[in-house]
Amino acid sequence: AQSVAQPEDQVNVAEGNPLTVKCTYSVSGNPYLFWYVQYPNRGLQFLLKYITGDNLVKGSYGFEAEFNKSQTSFHLKKPSALVSDSALYFCAVRDFTGGGNKLTFGTGTQLKVEL
Amino acid sequence: DSGVTQTPKHLITATGQRVTLRCSPRSGDLSVYWYQQSLDQGLQFLIQYYNGEERAKGNILERFSAQQFPDLHSELNLSSLELGDSALYFCASSPGGAPGTEAFFGQGTRLTVV
C-alpha cells in the first residue's frame, strides 16, 4: 500500500524564519504527492503537488516543496513564515490500492508561527 | 471556496439514530470521496464513487453506507450511531481518474452523537 509519514506532530517557528514541514513516502511505482493545509473549523485546502519533472514544486501562499527520490521525502518549505501560516498541514499520496485512486494522508503536522 | 458543498455543517443527534450527510461536488467532477476526521484516528478514507459507481472502500463500518446519484451528488448514511462516530466528515471531489489531479474538499459536516 502507498503511505506517507509525517514524523513531527508539531513544528514551532518564529515569524520571518524559514519553515520546513517534513514528509516521507512509501510507494510502489511513481509517486503522486500532495500537500494540504487545514485551518480551524475549515476543510482541507490544496497547496501543491508533485507529479513528475522538477524536484522543486511551487504552490500557493509562497509555499514550495522539495521532492527527493533517494530519501523518499517531500518536505514542505517556506522561506519566511507568517503568523497566518499557523495551521494543520497534511501530506498525501495518491493511492491505487483497492481499485480506486484515493488520497492517503499522513497524520498531520501542527505548525505554529510565533511573533 | 473549493466548489464542493456539504450539508449540513453541524449535526447533533442521539445514539442509535440515523443521519444523512450530503455532498455536491465541483461542477464536472466525477469522483467523490468521503473521509472521516477524528482526533484519535486522523483522516480516514471511507469510500470513493466515480460516476455513480463505487470504486474503492476504506475503513467504512457496516453501519455506514453511501451512494452517488445520477446528478453526481453523493450522500453518506450513518446508522445506529454510537458516541465514537462523533467526528468531522469530509467530502472531496476530483475530475476523474488522472492520478496527478488534486482533490478539492468541502468544509465538512461536524457530527456530534450524544
What is the stretch B:1-96's relative contact order, in percent, from Cα pairs under 8 angstrom and six or more apart in sequence?
-> 36 percent
Filter on A:Lys58/A:Lys102; A:Lys58/B:Lys57; A:Lys77/A:Lys102; A:Lys77/B:Lys9; A:Lys77/B:Lys57; A:Lys112/B:Lys57 - keep pairs with C-alpha separation over 27 Å = A:Lys58/B:Lys57; A:Lys77/B:Lys9; A:Lys77/B:Lys57; A:Lys112/B:Lys57
Going through the stretch B:55-114, which GluC sites (Glu not before Pro) have at most 13 other Cβ atoms within 10 Å and a DSSP loop state?
-> B:Glu62, B:Glu82
Test item: A:105-111 mean partner chain Cβ contacts at 10 Å = 2
Inverse mean reciprocal Cα-Cα distance (Kirkwood Rh) of the stretch B:20-114, Å = 13.4 Å
Quantify how much of the Cα-Cα distance distribution of the protein assembly as shown extends past 26 Å, in percent.
-> 37 percent
Average beta carbon contacts from partner chains per residue of B:2-9, 10 Å cutoff | 1
Sequence of B:Ile60, B:Ile47, A:Ile51 from largest to smallest accessible area, 1.4 Å probe | A:Ile51, B:Ile60, B:Ile47
Counting Lys and Arg as +1 and Asp and Glu as -1, what is the net charge of the other residues whose Cβ lies under 13 Å from the Cβ of B:Gln6?
-> +3
In the protein assembly as shown the accessible area split gives carbon plus sulfur, as whole percent at 1.4 Å, a share of 48 percent
Per residue of B:47-57, how many C-beta atoms from partner chains lie within 10 Å of its own C-beta, taken as a mean?
-> 3
Show me B:13-24, A:99-110 ranked by packing, highest mean number of other Cβ atoms within 10 Å first.
-> A:99-110, B:13-24
Dimensions of the stretch B:12-72 along principal axes (Cα, Å, largest first)?
-> 35, 22, 20
Long-range Cα-Cα pairs in the stretch A:20-69 (distance over 17 Å), rounded percent = 37 percent
Sequence-separation-based contact order of chain A, relative, with Cα cut under 8 Å and 6+ spacing, percent | 37 percent
Solvent-accessible area buried by pairing B with A, both sides, nearest 100 square angstrom, 1.4 angstrom probe = 1800 Å²
Which percent of Cα-Cα pairs in the stretch A:39-115 sits in each 5 Å bin, short to long?
-> 3, 13, 21, 25, 19, 12, 4, 2, 0, 0
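The values are calculated or read from the model by the stated rules, or taken from the named source; none is laboratory data. Remember, predicted model here, so these are calculated numbers, not experimental data. Cβ coordinates were reconstructed from backbone atoms using ideal geometry, including for glycine residues, and neighbour counts include every protein chain displayed. When the accessible area is computed, the model is the full protein with side chains, heavy atoms only, and any ligands, DNA or RNA have been set aside. Shrake-Rupley method; radii C 1.70, N 1.55, O 1.52, S 1.80 Å.
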